[in-house]
Amino acid sequence: MNVEVAVPISTIMTAEVITLKPKDSLEKAEHLFKKHKIRHIPVVEKKRLVGMLSMNDLLRISFADGAFREEDNVSSSLYEMFTIPQLMRNNLTTVNPDNSIREVAEIFVQSEYHSLPIVAGDALVGIVTTTDLIKYLLKND
């Protein structure tokens, strides 16, 4: 296996990131998770990263995965009891676009994370997931 892992993570990150604002509804979050088939959404104020909401955060309050059934007419009463800032993680590990793929892979191995926001200064510029990393490794094998 001769995979180049010294290249910057910016070469495989998703730059067109689906985001939420702290004041958005949990219903909107669920809609974005389903529509885009994603599991992590950065929460931003302007371009500044303030947190990360995962599909698991919503599942935790749903008591079962009934909130993620295929119908779009899910009762929103449970979602009205909570806000995005109450559920999101705000003590985040972030990486710089110049961090190498190897450095990011090491973070994934040493943590429970499955996605990492990529920031330049205070601005969110991308996101990378374990799936992105696996696809890169398979493509370059």
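Could you tell me whether the range 57-66 includes any residue that is polar (S, T, N, Q) and modelled with pLDDT of 95 or more? No; the residues of the range 57-66 include none that is polar (S, T, N, Q) and modelled with pLDDT of 95 or more.
All of (1) part of a loop (DSSP other than H, G, I, E, B); (2) out of contact with any Ser or Thr (no Cβ under 9 Å at 6 or more places or on another chain) hold for Leu53 with one exception: (1). Of the set (1) closer than 22 Å to Tyr136 by Cβ; (2) touching a strand residue (DSSP E or B) at 6+ places or on another chain (Cβ under 9 Å); (3) modelled with pLDDT of 95 or more, all apply to Pro22 but (1). Scan the range 25-42 for residues that are of a type in the set (A, V, I, L, M) and either closer than 26 Å to Tyr136 by Cα or out of contact with any helix residue (DSSP H, G or I) (no Cβ under 9 Å at 6 or more places or on another chain) (or both) and report the count. Qualifying residue count for the region: 3. The number of residues in the range 1-30 being in contact (Cβ under 8 Å) with a residue 12 or more places away in the chain, assigned to a helix (DSSP H, G or I) and of a type outside the set (Gly, Ala, Ser) comes to 5. Among the residues making up the range 9-21, those that are buried (at least 16 other Cβ atoms within 10 Å of the Cβ) and not hydrophobic (A, V, I, L, M, F, W, C) are Ser10, Thr19.
The values are calculated or read from the model by the stated rules, or taken from the named source; none is laboratory data. Small disclaimer: the values here were computed from a predicted structure and weren't measured. Neighbour counts run over all protein chains shown; Cβ positions are idealised from the backbone, glycine included.
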